[in-house]
Amino acid sequence: MLTTHDGWRAPSRGRVLIVDDDRDICDLVHAILTDEGFAVSLLHHQSPDAIRMAVNQLEPDCILLDGATSSEYGPSWDDAAWMSNRERPIPVIMFTAHRAALEEAEARQSERSQAAQFSNVLSKPFDLDRLLTIVGEAVGFAEPFDGTAVGDNQRTAILVGRLEAAGATDIHASTRREWASFTTPNGAFLQLYWWQRDGVYYVVQFSTTGGRVDPIGRFYDLGAALSVALTIPPEGDNDELASLPQLRRFKTDDRLDRFADGQMDGRADGHGDGSRSGLIGGQRDGHRDGRVDGSDVGEMAQLMADS
């Protein structure tokens, strides 16, 4: 469950996301950081899907990341690498009781520690003054996220530039949102757009007659969305489409429609079994206003896995 707490919409020293399944520690750190003027959100489910959705929707300025398993830091190494290398990198603080992981992260000798690029490490139990110091430093490193129309226009300009560089033609971009329709070098007519409430990029293929839309996929990252979109064959080439790697079509049924309609209650669950390739199942709201929803994200991720 992801919970957005006090001060998320108010002016603050920065937005902090705590990813930890220990609710008592989360509540303690939340109290400390909010007293210092930070806006704090908590994510208790540490699946890759839940983490990526929350990060994309909230765009925090700093993340405190616990290990995904009780015995070792495990998949959290990969989660940290994704956060540190996304389009807008986010400073990540390793927050764990695993002594070996802390030492490895500080030494930065292993391949995974270099990929993770932790801004700092914080051991459990933690020192209050050190917590406040390193969180303040990490927030200061973050590039502020621009959620205004100006920011959307800048991201759309980047999208158009990358499409042009890849050889796409007939590019038509929105003046309001990060959205564009285009023809790939293969001749497929596609639309790519950022859906704020899901925290993902959508890619769909249009019939040349305009009478049908075929969903291609949902992606955490613009790079992943473009890499698949630009390999989509023209309409009707089903054999080539089926042979594409890392491509799963998503279903349109009652459950998907319910997610798209945003029937949410102000909280977010993320139980999903996530693909690290960037193609996912999705959920609901927030990105600009700090709310994230979708109590059935686990069901949605399974729906996507079954597609």
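Each value in this text was obtained by applying a stated rule to the coordinates, not by laboratory testing. Remember, predicted model here, so these are calculated numbers, not experimental data. Don't worry about glycine lacking a Cβ; one is built from the backbone with ideal geometry, like all the others, and counts go over all protein chains shown.
Residue order for Ser119, Ser71, fewest other beta carbons within 10 angstrom first, comes to Ser71, Ser119.
Rounded to the nearest whole angstrom, the semi-axes of the ellipsoid equivalent to region 2-141, taken from the Cα gyration tensor as √(5λ), stand at 21, 16, 15, largest first. Ordering of 109-116, 193-200, 173-180 by packing is 193-200, 173-180, 109-116, highest average first (other Cβ atoms within 10 Å, averaged per residue). Residues Cys62, Cys26 in ascending order of nearby Cβ atoms (within 10 Å, fewest first): Cys26, Cys62.
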